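To start, the structure under review is shown below, and the notes come after it.
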Amino acid sequence: MSEPMPLSYVTAQEMRCLLHWLSSWSPAQRERFVHSLAEKAVPCKVLSLLDGLAGLSVEAGKPPSIFECQMRLWDQWFRGWSQEECNEFVRQLEEALPEVASRFYQEVAGTAGQD
């Protein structure tokens, strides 16, 4: 098998940071992340308009939680990564948190046959 592609310093730091956050998130937060990752991997099958709008809601007068800020930052980072970098992140996820990677693959497999 080929060696992982070299990453830019910034992308490598983003991935390390995200993996660190994942290790400290609750099971419910990890599940939300897995769903978000699957939406990005298979956008036409998973993301509905209503799901997308629900993710944009913010309660008036209540600041976002640290988790919400981390999820927004991860989304910004992910949108800037190339396909190869996204694949490298999933590879690192498999190594660091195999149970989260397994849930991600289950979520993606659950989209098979959906239009």
Going through the stretch 91-115 one residue at a time, which ones are closer than 15 Å to VAL34 by Cα and in contact with a helix residue (DSSP H, G or I) (Cβ under 7 Å, 6 or more places away or on another chain)? GLN92, LEU93, GLU94, ALA96, LEU97, VAL100, ALA101, ARG103, PHE104, GLU107, VAL108, THR111
Out of all the residues in the stretch 33-44, which are surrounded by 14 or more Cβ atoms within 10 Å (Cβ to Cβ) and either modelled with pLDDT of 90 or more or assigned to a helix (DSSP H, G or I) (or both)? PHE33, VAL34, HIS35, SER36, LEU37, ALA38, GLU39, LYS40, ALA41
Would you please name the residue that is surrounded by the most Cβ atoms within 10 Å (Cβ to Cβ), looking only at residues in the stretch 23-32 that are touching a residue at least 24 places away in the same chain (Cβ under 8 Å) and not in a loop (DSSP other than H, G, I, E, B)? ARG30
Within the stretch 54-76, is there a residue that is under 13 Å from the mean Cα position of the chain (by Cα), of a type in the set (Lys, Arg) and modelled with pLDDT of 90 or more? yes
Before we move on, is ARG79 part of a helix (DSSP H, G or I), out of contact with any Asp or Glu (no Cβ under 7 Å at 6 or more places or on another chain) and touching a residue at least 40 places away in the same chain (Cβ under 8 Å)? no
Residue identified as modelled with pLDDT under 95 and within 22 Å of GLY110 (Cα to Cα) among LEU7, LEU47: LEU47
For GLU99: the one exception among (1) surrounded by fewer than 12 Cβ atoms within 10 Å (Cβ to Cβ); (2) at pLDDT below 95; (3) in a helix (DSSP H, G or I): (2)
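The values are calculated or read from the model by the stated rules, or taken from the named source; none is laboratory data. Computed from a predicted structure; not experimentally measured. Every residue, glycine among them, receives a Cβ derived from its backbone with ideal geometry; neighbour counts consider all protein chains shown.
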